[in-house]
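The values are calculated or read from the model by the stated rules, or taken from the named source; none is laboratory data. Since we're looking at a predicted model, the values are computed, not measured. FYI the Cβ positions are ideal-geometry reconstructions off the backbone, even for glycines, and counts take in every protein chain you see. For accessibility, only protein heavy atoms count, side chains too; no ligands or nucleic acids. Shrake-Rupley method; radii C 1.70, N 1.55, O 1.52, S 1.80 Å.
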Amino acid sequence: MKKKILITGGAGFIGSHVVRRFVTKYSDYDIFNLDSLTYAGNLENLKDIEAYPNYHFIKADITDEATINKLFEEHQFTDVLHLAAESHVDRSITDPLAFAKTNILGTMILLNAFKNLWSERWDGHRFYHISTDEVYGTLGETGLFTETTSYDPNSPYSASKASSDHFVRAYGETYGMPYVITNCSNNYGPNHFPEKLIPLCINNILTGKPLPIYGNGKYTRDWLYVIDHAIAIDLVFHKGENHETYNIGGFNEWQNIDLVRELCKQMDSKLGKDEGSSEKLITFVKDRPGHDLRYAIDASKINQELGWAPSVTFEEGLSNTIDWYLNNEDWLQEVTSGNYQNYYQNQYKGE
Ligand code: NAD
Ligand code: TYD
């Protein structure tokens, strides 16, 4: 049977890299990118592949049950790669219900539509749920998240993703649905919306605005270049075991303050500014409520079972990322006009 793969959230940051990889690498698959184009979705991210004959875009909302059911009946999607989500922790603190709606209800509507289509004839079909390491909660100074770490989410975002992971598993256990889940660490790279730390700081350096560091800046994240995440997703989709979870991470922990200093150093050098100029913009601001201290992934399962490892070092990935933003200032200006300004004023008032 020809594969007709539904990728949700394909106009977003990670989704656009996954769509590009599948469309260009697998000409024998039909790829359907379903996205409601929220503030985070941008078809400019896929301009270079929109004319490919195996690429199809559908503007729809995953929480619109009638439309989703109709689309599954009409297109008979053989597989789902589910990335559509509300994805920003700070927004989840201001508007938790939006996260419950899209991340929990939206996932359930997709699961149900998939079950209604293939129940009892599951062979050759798969629901792939893309999730986050934030479902595991926070680590102290030591230790790593493994696939068997208990879920312990702290933010409305991570609680909604944890809930969606549980529903995916429940459909696997209850209805025999073949699924796979991956929980990945923080991504960075081209097309990252500038409300997240790295692209926000790149944009603020370019516009001479303060670089807001929450609390004391000692919070730690494990950063992975987005294209390495897309490569891992391709591998797990084709080679991963059904009913399994794989953790994906960069083996690359940074405290926020050190990361921003490294970014400033690279930006100064690329912009031909005196060393230390951008660092002067660093400003410590009010902390995020419920801020998780540290995330760090043990990615040895995907490494040993599927042979995946990151392909670029952090220095290379960060350099590529900065170059992309410097070469795509129009993209940056476009996404930071309009509503972004309101969001920014609200989030960083007085800073
Ligand atoms: P993003 O916010 O950049 O993109 C989300 C996309 O989903 C956007 O294109 C948006 O328009 C679309 N969308 C949102 N609500 C929708 C709805 N109701 N119906 C249809 N489309 C909708 O997010 P991202 O950073 O690319 O993350 C993608 C996925 O990967 C998410 O599930 C996220 O939880 C997960 N993840 C992200 C990271 C990260 O560091 N960004 C790390 C691990 C896992
Ligand atoms: P973010 O990019 O929002 O990702 P996540 O919350 O999913 O990890 O934030 C990364 C880290 O940077 C996190 O510890 C919060 C911190 N941060 C700041 O210090 N200042 C900021 O303006 C932002 C957006 C994040």
Practice problem: Scan region 271-292 and give yes if some residue there is under 20 Å from residue 145 (Cβ atoms) and of a type in the set (A, V, I, L, M, F, W, C), otherwise no. | Solution: no
Practice problem: Please find, within region 229-256, the residue that is farthest from residue 293 (Cα to Cα) out of those that are open to solvent by 10 Å² or more (accessible area, probe 1.4 Å) and of a type in the set (Val, Ile, Thr). | Solution: 231
Exercise. Filter region 23-50 down to the residues that are under 20 Å from the mean Cα position of the chain (by Cα), open to solvent by less than 70 Å² (accessible area, probe 1.4 Å) and not aliphatic (A, V, I, L, M), then identify the one that is farthest from residue 194 (Cα to Cα).
Key: 32
Self-check item: Scope region 150-167; condition within 26 Å of residue 238 (Cβ to Cβ) and either away from ligand 1 (no atom under 14 Å from the Cβ) or under 18 Å from the mean Cα position of the chain (by Cα) (or both); matching residues
Solution: 161, 164, 165, 166
Exercise. Scan region 188-226 for residues that are among the polar types (S, T, N, Q) and either more than 21 Å from residue 294 (Cβ to Cβ) or surrounded by 23 or more Cβ atoms within 10 Å (Cβ to Cβ) (or both) and jot them down.
Key: 191, 203, 204, 207
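For every residue, the table says whether it meets (1) within 15 Å of ligand 1 (Cβ to nearest atom); (2) assigned to a helix (DSSP H, G or I); (3) closer than 20 Å to residue 189 by Cβ.
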{"residue": "14", "(1), (2), (3)": "yes, yes, yes"}
{"residue": "23", "(1), (2), (3)": "no, yes, yes"}
{"residue": "68", "(1), (2), (3)": "yes, yes, no"}
{"residue": "93", "(1), (2), (3)": "no, yes, no"}
{"residue": "108", "(1), (2), (3)": "yes, yes, no"}
{"residue": "114", "(1), (2), (3)": "no, yes, no"}
Self-check item: Criterion: in a loop (DSSP other than H, G, I, E, B) and either surrounded by fewer than 16 Cβ atoms within 10 Å (Cβ to Cβ) or more than 16 Å from ligand 2 (Cβ to nearest atom) (or both) - qualifying residue of 77, 72
Solution: 77
Quiz item: Out of all the residues in region 25-66, which are away from ligand 1 (no atom under 12 Å from the Cβ) and either assigned to a helix (DSSP H, G or I) or at positive phi (or both)?
Solution: 25, 47, 48, 49, 66
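Looking at 90, 133, which is the one that is among the acidic types (Asp, Glu), within 14 Å of ligand 2 (Cβ to nearest atom) and in contact with a strand residue (DSSP E or B) (Cβ under 7 Å, 6 or more places away or on another chain)?
One residue alone meets the criteria, 133.
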Exercise. Among residues belonging to region 300-329 that are charged (D, E, K, R) and in contact with a helix residue (DSSP H, G or I) (Cβ under 9 Å, 6 or more places away or on another chain), point out the one that is nearest to residue 240 (Cα to Cα).
Key: 305
Quiz item: Mind checking whether some residue in region 96-105 is buried (at least 18 other Cβ atoms within 10 Å of the Cβ), free of Cβ contacts under 8 Å to residues at least 60 places away in the same chain and within 25 Å of residue 200 (Cα to Cα)?
Solution: yes
Exercise. Go through region 133-142 residue by residue and tally those that are assigned to a loop (DSSP other than H, G, I, E, B) and either among the acidic types (Asp, Glu) or in contact with an Asp or Glu (Cβ under 9 Å, 6 or more places away or on another chain) (or both).
Key: 3
Practice problem: Collect the residues in region 291-304 that are away from ligand 1 (no atom under 15 Å from the Cβ) and either within 19 Å of residue 183 (Cβ to Cβ) or in a helix (DSSP H, G or I) (or both), keeping them in residue-number order. | Solution: 293, 294, 298, 300, 301, 303, 304
Quiz item: Just wondering, is there one or more residues in region 308-325 that are within 30 Å of residue 179 (Cα to Cα), more than 13 Å from ligand 2 (Cβ to nearest atom) and not in a loop (DSSP other than H, G, I, E, B)?
Solution: no
Exercise. Check off (1) more than 14 Å from ligand 1 (Cβ to nearest atom); (2) β-branched (Val, Ile, Thr); (3) more than 30 Å from residue 300 (Cα to Cα) for residue 102 and give me the number that stays unchecked.
Key: (1)
Exercise. Check region 305-327 and report whether any residue there is open to solvent by 60 Å² or more (accessible area, probe 1.4 Å), under 21 Å from residue 223 (Cβ atoms) and within 16 Å of ligand 1 (Cβ to nearest atom).
Key: no
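Condition check ((1) at pLDDT below 95; (2) farther than 28 Å from residue 154 by Cβ) across all residues:
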{"residue": "280", "(1), (2)": "no, yes"}
{"residue": "287", "(1), (2)": "no, no"}
{"residue": "294", "(1), (2)": "no, no"}
{"residue": "301", "(1), (2)": "no, no"}
{"residue": "318", "(1), (2)": "no, no"}
{"residue": "323", "(1), (2)": "no, yes"}
{"residue": "327", "(1), (2)": "no, yes"}
{"residue": "337", "(1), (2)": "yes, yes"}
Exercise. Please determine, by comparing only the residues of region 93-117 that are closer than 17 Å to residue 10 by Cα and out of contact with any strand residue (DSSP E or B) (no Cβ under 9 Å at 6 or more places or on another chain), which one is farthest from ligand 2 (Cβ to nearest atom).
Key: 102
